[in-house]
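Below is one structure, written out as C-alpha cells, with a few remarks after it.
Where a number appears in this text, it was derived from the coordinates with a stated rule and is not lab data. Everything numeric here is computed off the predicted structure, so don't read it as measured data. Neighbour counts are summed over all protein chains in view; Cβ atoms, including those assigned to glycine, are modelled from backbone coordinates with ideal geometry.
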Amino acid sequence: MSENTENRPAVATVLANRLFYSINWFSIPPIFYLIALDLHTQVSGLGLISSTFLVGIGLFQVPGAVLSAKYGPKKLCLLGMALLSASGLLIGAASDIDVVAVLRFFSGTGMALFFPASISLMTSHWKPGQSGFVLGLNNATASLGGGIGLGTWALVAEAVGWRSSMFLIGALGLAAAAFLFVSVPHDPPVTDFNVSFSDVKRILADRWLLLVGCVLLSYNVANTLVATFAAVYLHDDLGISADLAGGLGSLVILAGLFTAAPTGRFSHRITKVKLALALASLAMAAAVSAAALATPAAVAASAISVGLASGVGYTVAFGTAWQSSKDRNERAIALSWVNCVQLMFSFWAPYLFSYVVVNYGYQLAWATGGLYTAVFIVPLALFPRVEHAPLHEGH
C-alpha cells in the first residue's frame, strides 16, 4: 500500500473499531461493583484482572507489529478485534474472578494485535507527512471510547445486567470488525517485508526508545490507577452514586479529547521533546496524589488533570517513536515496543494499589501512586544526551 494514497472512509472505519476497542478496555472498572457482588470478590479482584489485562496487551505488542508487517495490517486488525470482542462475550458468562482474569488477558492480547496494525493501516491511507495528526486522531478516538466506557457503562449494566452489558460490547466489537472487513481495501501482497531478527533486536535496544517507554510507563501508571479505581473509590468510599461515580471517573479519558488531536496537528513545532514528556509526567504524578484529598471535587480534578496531560504526553511520545525510522515496518515495531514497555511493565501498579487500599486505605494508596508515577521519568533526566527523533516527517 502506498503511503501517498488517501482514503478517509478507510481511516474513519479503523477509528470506529478503535472506538469499540476503547469502550471494551474501560468497560470493566465502572461495573466492577456489580461483578464483585455476583462473583463474591473485593477490590483486590479488580487489581488482579487489571494486571492480567496489562500483561496480555503488553506482551504481544511487538509480535503484533511484526505479524502486521508480514501478513498485512488489515488482517491483524480483524484478528485483534475478533479476539478482544470474543473475550468480552465470554466474560459475560464467567463463573468466577479467575476466569474473568484469564479472559481479560486474551482481551489484552487482541488489543495488542490490533494497535500497531491499526496505526499502519491509517497512515497508509492518509496524506503523507501527517502521521502526527493521525496519531492524534487515534488518541482522541481512544479518549472518546474510554470516556463512554467509564462514563456510561455502569448505566448500561444497571439497566440490562453486567453480564448482558459484556455481551453487548463483544457484539458491537464483532460488528465493527465485520464493517472493517467489507469497507477497507484488502491488504496488497506483501513484497517489501525485510525485517530481520537483528533489526528487531536493534530497535529493542535503542536507548531513546527505552527512555520513551519509561516515560510512557509513568503515563500508564497514572492513567491506569485513575481509570481503574476512581469510580470504585467514589462509589464505595465517598458514597457517590454509581452513575455519577462513573461519569466523574470518565473525565480522565474524556479530557484527552481536548489535547490529543491539537497536539498531533502542531507536533511538528515541538522542539523540546524531552521537556514536554517530563512535564506531562510530573503533572500526572501530582494529579494522582491529589486524589488523596478524599473529596469528589479532588478526584474529578485529578481525573481531568491526568487526562489533559495524557493527551499531550501520549501524542508526543508516540510521535517521536514513530519518527525513529524511515522504514514503515520499523516504525510500527518501534511504536509497539514503547507501547509494550508502558503496558506490560505496569502490570504491578493496579495490584499494588489494591493491596494498599485493602491494608491501609485509599488515601495512602493515592499518595504513593503519585510517587511511583513520577519515578519513571528519572531515566530521562539521567541520560540527557541521548539523541531523540524530531516530531516531523523525513527523519
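Brief remarks follow.
- Near Thr152, once Lys and Arg are set to +1 and Asp and Glu to -1 for all other residues with Cβ below 14 Å from its Cβ, the sum equals -2.
- The charge dipole of the chain, taken about its Cα centre with unit charges on the Cβ of Lys, Arg, Asp and Glu (plus for the first two, minus for the last two), comes to roughly 920 debye.
- Option label - Cα extents along the principal axes in Å computed here, alternatives (1) 56, 47, 34; (2) 119, 52, 41; (3) 77, 51, 38: (1)
- Rounded if a/c under 1.5, otherwise prolate or oblate - region 93-188, Cα gyration tensor axes: prolate
- Rounded to the nearest 10 degrees, the inclination of helix 28-39 to the longest alpha-carbon principal axis of the chain is 50 degrees.
- Charges were assigned to the Cβ only: +1 to each Lys and Arg, -1 to each Asp and Glu. The resulting dipole of region 82-192 about its Cα centre is roughly 180 debye.
- Of all lysines in the structure, the ones whose alpha carbon falls short of 25 Å from that of Lys274, not counting any fewer than 8 places away in one chain, are Lys201, Lys326.
- Total formal charge among the other residues, if their Cβ is under 11 angstrom from that of Ala242, Lys/Arg +1 and Asp/Glu -1: -3
- Relative to the dominant Cα principal axis of the chain, helix 8-26 is inclined by about 30°.
- Cα gyration tensor shape of region 151-226, rounded if a/c is under 1.5, else prolate or oblate by comparing a/b with b/c: oblate
- Taking 7 Å steps out from each Cα toward its Cβ at Asp96 and Gln363 produces label points 3.7 nm apart.
- Anisotropy class of region 256-361 from Cα gyration tensor, a/c 1.5 cut: oblate
- For a paramagnetic label modelled on Leu371 (point 7 Å from Cα along Cα→Cβ), amide N atoms under 20 Å away belong, within region 273-308, to 281-294.
- Ranked by the mean number of other Cβ atoms within 10 Å per residue, highest first, peptides 85-97, 22-34, 204-216 order as 22-34, 204-216, 85-97.
- Region 315-333 versus region 117-170: alpha-carbon centroid distance in Å: 21
- Estimated 222 nm signal from helices in the chain, with DSSP H stretches of n ≥ 4 weighted -39500 (n - 2.57), rounded to 500: -25500 deg cm²/dmol
- For region 1-119, the dipole from Cβ point charges (+1 on Lys and Arg, -1 on Asp and Glu) about the Cα centre works out to 360 debye, to the nearest 20.
- A full extension of the chain between Phe258 and Leu279 corresponds to an added length of 5.8 nm, given 0.36 nm per residue minus the alpha carbon distance.
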